[in-house]
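One structure is given here, and the rest of the page talks about it.
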Amino acid sequence: MEFSQYNVNALMYITPRPELVFTEGSGMWLTDHKGKRYLDYLQGWAVNCLGHCPPAIQQALVAQSKKLLNPSPAFYNEPMIELADLLTKNSCYDRVFFANSGAEANEGAIKLARKWGQLHKNGAFEIITFGHGFHGRTLATMSASGKPGWDTIFAPQVSGFPKAELNDIVSVENLINENTVAIMLEPVQGEGGVLPASREFMQALRALTKQHKLLLIVDEVQSGMGRTGELFGYQLSGIEPDIMTLAKGIGGGVPLGALLCREEVACFVPGDQGGTYNGNPLITAVGVAVLKELLQPGFLASVKEKSDYLSQALWDISEEFGLQGERGEGLLRALRLGSDIGGAIVEAARNLEPAGLLLNSPRPDLLRFMPALNVSIDEIDQMISMLRTVLQQVKK
Ligand SMILES: *Cc1c(COP(=O)(O)O)cnc(C)c1O
């Protein structure tokens with residue numbers, strides 16, 4: 001099939017896309033409409049934690065689709081109960097509400113914090129968020145995000161999201177007033193360029209929120225579900241937040257999100273929260289399958305091994321080409337290029353023959369790596385060798 005045979009103009013234009021149509025995926029590899037293969041270090045933006053079309057997800061989808069698709073959110077179903085039980089048993093949270101995306105889970109977190117503020121803090125509603133943070137594309141989550149320019153695109157913003165700076169506790173302290181109800185952040189800023197919050201900063205935020213009776217909300221849409229080598233990113237710093245959101249990895253490629261909180265914070269009453277597809281058994285059955293894979297003995301240890309290996313390989317290639325090193329947590333890593341060649345590398349890597357390499361450049365001087373959590377050492381070596389070829393071209 002030729003690209004020109006597809007009528008792509010029936011789709012709303014929201015982003016420039018290369019003239020490729022992906023037709024198949026397996027593990028770390030994608031195949032396009034011409035049969036060309038690509039080693040995929042995007043994995044749906046850190047979504048496909050088990051790679052493309054993993055057997056565990058296929059089996060869950062087939063089995064559940066034969067049993068029950070949609071009894072309605074007004075009733076319990078088995079996968080929804082099982083997934084909530086597994087999530088609460090393996091985290092510091094007690095209650096779960098399922099959503100369909102990260103933005104929707106975060107909207108729920110914002111509503112929950114505001115509700116808690118009405119009940120326990122004289123109507124306090126401000127949620128301190130962070131410069132370069134990313135929480136989604138609904139109006140409230142765009143307002144909570146710290147992406148430059150996002151404050152004006154769809155003005156007026158949803159108010160009540162003052163911005164502090166990551167890893168700067170004084171910038172947070174300075175924003176606290178009688179209207180403050182919560183502090184919300186990503187344990188590792190993903191879209192912002194793979195910037196980890198330091199252990200000390202997370203611990204200082206926990207102390208500060210306790211001191212001022214504020215809620216601590218972690219957006220683990222990208223950092224959760226094994227991505228950092230811990231099941232959840234907050235566990236890296238040994239703290240226990242009050243509210244957490246998940247999406248991306250928890251569905252492994254299907255649209256699933258979750259809002260989790262501790263019992264004391266679970267203050268929604270009937271009418272406050274809901275949604276037609278929330279807790280849908282077809283999708284939560286996939287969540288159960290994904291989480292069970294991550295909980296297999298040795299799985300998270302292998303993520304840590306692979307992440308050490310990838311980190312070292314990136315340091316080596318950085319040295320070889322005079323770049324500026326790498327950073328990240330687990331299998332969410334970034335290579336600092338030292339100049340604005342990110343876009344050129346992404347394009348040259350995709351155009352490699354006979355097989356391409358899919359990379360992401362969240363900032364022009366940065367490459368982001370978010371492989372499947374079960375990526376093999378060999379697939380890391382292959383990526384590095386392809387990246388070397390590209391760097392030789394681009395740095396010439
Ligand atoms: C991707 C992302 C979101 C938004 O999730 P969607 O499913 O695209 O709505 C929110 N927060 C973080 C940290 C993310 O990485």
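We did not get these values from a lab; they are worked out from the coordinates using the rules stated. Since the structure is predicted, the reported quantities are computational estimates derived from the model, not experimental observations. FYI the Cβ positions are ideal-geometry reconstructions off the backbone, even for glycines, and counts take in every protein chain you see.
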Q.
Students often check this: by mean Cβ neighbours within 10 Å, which of 345-355, 116-126 ranks highest, and how do the rest follow?
A. 116-126, 345-355
(Q) So if I take the centroid of the Cα atoms in the range 263-328 and the same for the range 147-169, what is the distance between those two points in Å? (A) 25 Å
Q.
Based on alpha-carbon atoms only, what is the radius of gyration of the range 44-85 relative to the globular estimate 2.2 N^0.38 Å?
A. 1.39
Q: Wrap a convex hull around the Cα atoms of the range 110-188, take a quarter of its surface area, and give that in square nanometres.
A: 5.2 nm²
Q) What is the set of long-range amide H partners of Leu215 at a cut-off below 5 Å, with H atoms built 1.01 Å from backbone N? A) Ala182, Ile183
Q) By per-residue mean of other Cβ atoms within 10 Å, what is the highest-first order of 270-283, 144-157? A) 270-283, 144-157
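I'd like the projected area of the range 44-176, averaged over all directions, using the convex hull of its alpha carbons. Report it in nm² with one decimal.
Dividing the Cα hull surface by four gives the mean projection, 11.4 nm².
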Q. Can you give the charge dipole size of the chain about its Cα centre, rounded to the nearest 20 debye, using +1 on the beta carbon of Lys and Arg and -1 on the beta carbon of Asp and Glu?
A. 420 debye
(Q) Please report the antiparallel percentage of the DSSP beta bridges confined to the chain, to the nearest 5. (A) 65 percent
Q | Net +/- balance of residues flanking Cys261 in space, Cβ distance below 9 Å, scoring K and R +1, D and E -1 | A | -2
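Which shape class applies to the range 55-294: rounded if a/c is under 1.5, otherwise prolate when a/b exceeds b/c and oblate if not, where a ≥ b ≥ c are the square roots of the Cα gyration tensor eigenvalues? Before the final figure, lay out each step's value.
Values: a/c = 1.74, a/b = 1.56, b/c = 1.11.
It comes out prolate by the Cα gyration axes.
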Q.
If packing is taken as the average count of other Cβ atoms within 10 Å, what order do 3-12, 42-51, 81-90 fall into, highest mean first?
A. 42-51, 81-90, 3-12
Q. In a solvent-free Debye calculation with one equal scatterer on each Cα, what is log10 I(q)/I(0) for the range 261-380 at q = 0.10, 0.13, 0.19, 0.23 Å⁻¹, listed in the order of the q values?
A. -0.51, -0.74, -1.04, -1.29
